[in-house]
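Asks: There's a structure below that I have some questions on.
The values are calculated or read from the model by the stated rules, or taken from the named source; none is laboratory data. A quick note: this is a predicted structure, and the numbers were derived from the prediction, not measured. Cβ sites come from the backbone with ideal geometry, for glycine too, and all protein chains shown count toward neighbours.
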Amino acid sequence: MEIFLPIAHMDVNLPLIVFFGAIVGFLSGLVGVGGGFLVTPLLIFVGVPPLVAVGTGAAQIVGTSAGGTYAHWRLGNVDVKMGAVLLLGSWSGGALGVQIVKVLEAGGNFGNTVTFLYVGLLGFVGLSMLLESVNALRGSKQAQPRPAADQSGGWLARLPMQMEFPVSGLRISLLLPVVIGIGVGILTSLMGVGGGFIMVPVMIYLLRMPTKVVVGTSLFQLLFTTSEVAVLQAGVNHAVDPFLAVILILGSVFGTQWGIRLGAKLPGEQLRLILALVVVSVAVKMLYGILVKPDELYNLALTR
Amino acid sequence: MMLRALLFLLCLAGASARAADVPLVTELNKHSVDITARYTGDRILLFGTIPQGGEVVVKVTSPPEKISIDRKESMGPFWLSGHKHVVEGVPGVYYLLSSAPLSRLANADTLARQGLTLDTVFSAMRVSPAPQHPAAMRAAILRIKDADKHFLLRDDAVKIVGGRLFYVNIPIPARLPLGQYTIRTLFMENGAVVAEESKPLNVDEVRLEHWVSQVAEEAPWTFGSVFVALVLVLGLGLGVFLNRSRA
């Protein structure tokens, strides 16, 4: 069953896109990662232009993270002040990123950039997950990498513009979350990811936020970052396909329910291993795509 | 549908057997193609009558498309997209369908003058920036468009029945430029064009699809803001609903 996408100007197989959405939702229900980093490469594999894949990816994350953010907010798990400071950074980063995308696309380099970013990101995320799950399956009780204790607190405490964050019980420099936010905002624009996989470890190890508010605040931050980036991608780059986004969201919302149920029954370590293998193979496929000489050197695409 | 049309034409051909002042009559089984979300390609039947003898050429041209073309270049171990060129003025769809090989119907000069060659697609082409290897780029455009079935050259597509009646099934691809297509039918005899007739075919998005792509193109900021707000509400609604039904 094919469906025509008005912005991507192409046909896609409807069940396949629902399936992609379901995979992403499944992952987030199962292991708590957003899975936005899988949507963009999968869409590119089926021929969606990288620009549309990235812009629609951001819009899809808005839909899939809204419910979770609301749930965490009601439970009081969102440090709104911290979230707002992070947003200050990520909205600036997002706006900057969208302009970078525009320049790269005009020069014909956006596809290459996306490929390299994804090979790097998925390779890194996939390999670290792989190592972690192999270690866990072996049963080796490796010491968890503890956050470098007091020496990092030293230079962080000396930064200017210290601010109180009562919900997290922290007093840190405003600059730190703003700078982190800028980086995440740029990634959202360039890759169509929410950045939870960066934000969560940063909050735990660098900002030392209490675990209780980490996921909620990260969701809060990425919900509003992806919202901003999706609006900008539509406005500046005409890169958001509404049909594609809605199909992905519907698939992922139901995939999430399925993931949560299955996650409660199945052994977590094996699932993490499978997920790691999926992520690594996507990275390998992308890398293979640029290492092997293509049959057709020229590439045609519709343009505006 | 097709059979009935043909029967009708056979009667028409019989009735107008001596009406030599109308040498070429053509008709389409439909005059527009509606692009909906479920559109995956279509087929148009062109049929008509010709005087006895001779052959038929049908040329289908879509409005020009603005495309970008890039060539993968070897950079170290990688094959990466090189410079991007914007190509304008080339029709998105271009078919030359005939009842016999074109080279047998007329000499090369006549074919070129009548625009009955594949090279005709490049007659209004503008490329910016100018390519280093224009010939290779043209060849690539022909190759890719041919593989996508957007450019077609078929010398057995037009069927002539009883010397007086002809029909051809025109495939309309799944992804195609919108606008008014021209279907030009030429009746050829003794190396020359004896008669010709043009019929327009409208290809347009309808209903929701049309509205969505128009709004997204003409008011991208409004579209982006409204769509993201809708997605937010959709996600929120589904999340709340599913949480409640699970609890």
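Asks: Would you point out the residue of the stretch B:11-32, among those that are β-branched (Val, Ile, Thr) and modelled with pLDDT of 90 or more, that is nearest to B:THR117 (Cα to Cα)? I'd like the intermediate steps shown before the answer.
Replies: Of all residues in the stretch B:11-32, those β-branched (Val, Ile, Thr) come to B:22, B:25-26.
With the extra rule that they be modelled with pLDDT of 90 or more, the set shrinks to B:25-26.
On the way: B:VAL25: 24, B:THR26: 22 Å.
Residue satisfying both the conditions and the ranking: B:THR26.
Asks: So if I check each of B:SER62, B:SER74, which one is among the hydroxyl-bearing types (Ser, Thr, Tyr), within 14 Å of another protein chain (Cβ to nearest Cβ), surrounded by 20 or more Cβ atoms within 10 Å (Cβ to Cβ) and under 30 Å from A:GLU105 (Cα atoms)?
Replies: None of the other options fit; the residue is B:SER62.
Asks: Here is a list of conditions, (1) more than 12 Å from every other protein chain (Cβ to nearest Cβ); (2) at pLDDT 90 or above, and A:PHE37 meets all of them except one; can you say which number that is?
Replies: The number of the failed condition is (2).
Asks: How many residues are more than 21 Å from A:LYS102 (Cα to Cα) and in contact (Cβ under 8 Å) with a residue 60 or more places away in the chain when one looks only at the stretch B:66-90?
Replies: 0
Asks: Continuing with the same structure: Regarding the stretch B:38-46, can at least one residue be identified that is within 14 Å of chain A (Cβ to nearest Cβ), at pLDDT 90 or above and surrounded by fewer than 20 Cβ atoms within 10 Å (Cβ to Cβ)?
Replies: No; the residues of the stretch B:38-46 include none that is within 14 Å of chain A (Cβ to nearest Cβ), at pLDDT 90 or above and surrounded by fewer than 20 Cβ atoms within 10 Å (Cβ to Cβ).
Asks: Could you say which residue among A:VAL231, A:VAL200 is free of Cβ contacts under 8 Å to residues at least 24 places away in the same chain, facing chain B (nearest Cβ under 9 Å), crowded, with 20+ Cβ neighbours inside 10 Å and of a type outside the set (Asp, Glu)?
Replies: The match here is A:VAL231.
Asks: Scan the stretch B:188-213 for residues that are small (Gly, Ala, Ser) and more than 25 Å from B:ILE172 (Cβ to Cβ) and report the count.
Replies: Going through the stretch B:188-213 one residue at a time, the tally reaches 3.
Results for (1) within 8 Å of another protein chain (Cβ to nearest Cβ); (2) surrounded by fewer than 20 Cβ atoms within 10 Å (Cβ to Cβ); (3) free of Cβ contacts under 8 Å to residues at least 24 places away in the same chain, shown as yes or no for each residue.
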| residue | (1), (2), (3) |
| --- | --- |
| B:VAL206 | no, yes, no |
| B:GLU209 | yes, no, no |
| B:GLN214 | no, yes, yes |
| B:ALA219 | no, yes, yes |
| B:THR222 | no, yes, yes |
| B:SER225 | yes, yes, yes |
| B:LEU230 | no, yes, yes |
| B:GLY235 | yes, no, yes |
| B:PHE241 | no, yes, yes |
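Asks: Sticking with this structure for a sec: I'd like to verify a number: residues in the stretch A:89-111 that are within 12 Å of chain B (Cβ to nearest Cβ) and touching a residue at least 12 places away in the same chain (Cβ under 8 Å), how many?
Replies: Of the residues in that region, 4 qualify.
Asks: Turning to a different aspect of this structure: Considering only residues that are under 21 Å from A:THR115 (Cα atoms), part of a helix (DSSP H, G or I) and within 14 Å of chain B (Cβ to nearest Cβ), which ones fall in the stretch A:1-34?
Replies: Once the filter is applied, which keeps residues that are under 21 Å from A:THR115 (Cα atoms), part of a helix (DSSP H, G or I) and within 14 Å of chain B (Cβ to nearest Cβ), the stretch A:1-34 yields A:ILE17, A:GLY21, A:VAL24.
Asks: Return yes when B:VAL158 is closer than 27 Å to B:THR36 by Cβ and either within 8 Å of chain A (Cβ to nearest Cβ) or crowded, with 20+ Cβ neighbours inside 10 Å (or both) and no when it is not.
Replies: Against the criterion (closer than 27 Å to B:THR36 by Cβ and either within 8 Å of chain A (Cβ to nearest Cβ) or crowded, with 20+ Cβ neighbours inside 10 Å (or both)), B:VAL158 does not qualify.
Asks: Something else now. I'd like to check which strands (runs of 3 or more DSSP E) are fully inside the stretch B:22-85 and have at least 3 residues that are over 19 Å from the mean Cα position of the chain (by Cα) and of a type outside the set (A, V, I, L, M, F, W, C).
Replies: Per the criteria, B:64-75.
Asks: On to the next question. Testing B:GLU217 on (1) part of a helix (DSSP H, G or I); (2) in contact with a Leu (Cβ under 9 Å, 6 or more places away or on another chain); (3) not hydrophobic (A, V, I, L, M, F, W, C), one condition comes back false. Which one is that?
Replies: Of (1) part of a helix (DSSP H, G or I); (2) in contact with a Leu (Cβ under 9 Å, 6 or more places away or on another chain); (3) not hydrophobic (A, V, I, L, M, F, W, C), only one is false for B:GLU217: (2).
Asks: Taking the stretch A:35-49 as the search range and keeping residues that are crowded, with 24+ Cβ neighbours inside 10 Å and out of contact with any strand residue (DSSP E or B) (no Cβ under 9 Å at 6 or more places or on another chain), which one is farthest from A:GLU105 (Cα to Cα)?
Replies: A:GLY35
Asks: Specify the residue that is nearest to A:GLY107 (Cα to Cα); the eligible residues are those in the stretch A:9-34 that are at pLDDT below 80 and β-branched (Val, Ile, Thr).
Replies: My answer is A:VAL33.
Asks: Return the residues of the stretch B:217-244 that are hydrophobic (A, V, I, L, M, F, W, C) and within 16 Å of A:LEU232 (Cα to Cα); say none if nothing qualifies.
Replies: B:ALA219, B:TRP221, B:PHE223, B:VAL226, B:PHE227, B:VAL228, B:ALA229, B:LEU230, B:VAL231, B:LEU232
Asks: Now a separate question. For A:PRO294, are the conditions met, namely being more than 9 Å from chain B (Cβ to nearest Cβ) and surrounded by fewer than 20 Cβ atoms within 10 Å (Cβ to Cβ)?
Replies: The answer is no for A:PRO294.
Asks: Something else now. If the Cβ limit is 7 Å and pairs must be 6+ apart or interchain, which residue in the stretch B:104-122 that is surrounded by fewer than 16 Cβ atoms within 10 Å (Cβ to Cβ) pairs with which residue that is among the small types (Gly, Ala, Ser) and not in a helix (DSSP H, G or I)?
Replies: What qualifies is B:ASN107/B:GLY191; B:THR110/B:GLY191; B:THR110/B:ALA192.
Asks: So, B:ARG104, is that one basic (Lys, Arg) and modelled with pLDDT under 90 or not?
Replies: Taking the combined requirement at face value, the residue does not satisfy it.
Asks: OK, next. Does the stretch B:177-197 contain at least one residue that is within 14 Å of chain A (Cβ to nearest Cβ) and crowded, with 17+ Cβ neighbours inside 10 Å?
Replies: Yes, the stretch B:177-197 contains at least one residue that is within 14 Å of chain A (Cβ to nearest Cβ) and crowded, with 17+ Cβ neighbours inside 10 Å.
Asks: Taking the stretch B:161-176, which residues are surrounded by fewer than 15 Cβ atoms within 10 Å (Cβ to Cβ) and of a type in the set (Val, Ile, Thr)?
Replies: Restricting attention to the stretch B:161-176, the residues satisfying the condition of being surrounded by fewer than 15 Cβ atoms within 10 Å (Cβ to Cβ) are B:161-163.
B:VAL161, the sole residue that qualifies.
Asks: Would you mind stating whether A:ALA71 is within 14 Å of chain B (Cβ to nearest Cβ) and without any contact (Cβ under 8 Å) to a residue 40 or more places away in the chain?
Replies: yes
Asks: Moving to a separate point now. Do any residues in the stretch B:18-33 that are among the charged types (D, E, K, R) and surrounded by fewer than 17 Cβ atoms within 10 Å (Cβ to Cβ) have Cβ atoms under 7 Å from those of residues that are modelled with pLDDT of 80 or more and part of a loop (DSSP other than H, G, I, E, B), where the two are at least six apart or on different chains, and which pairs are they?
Replies: none
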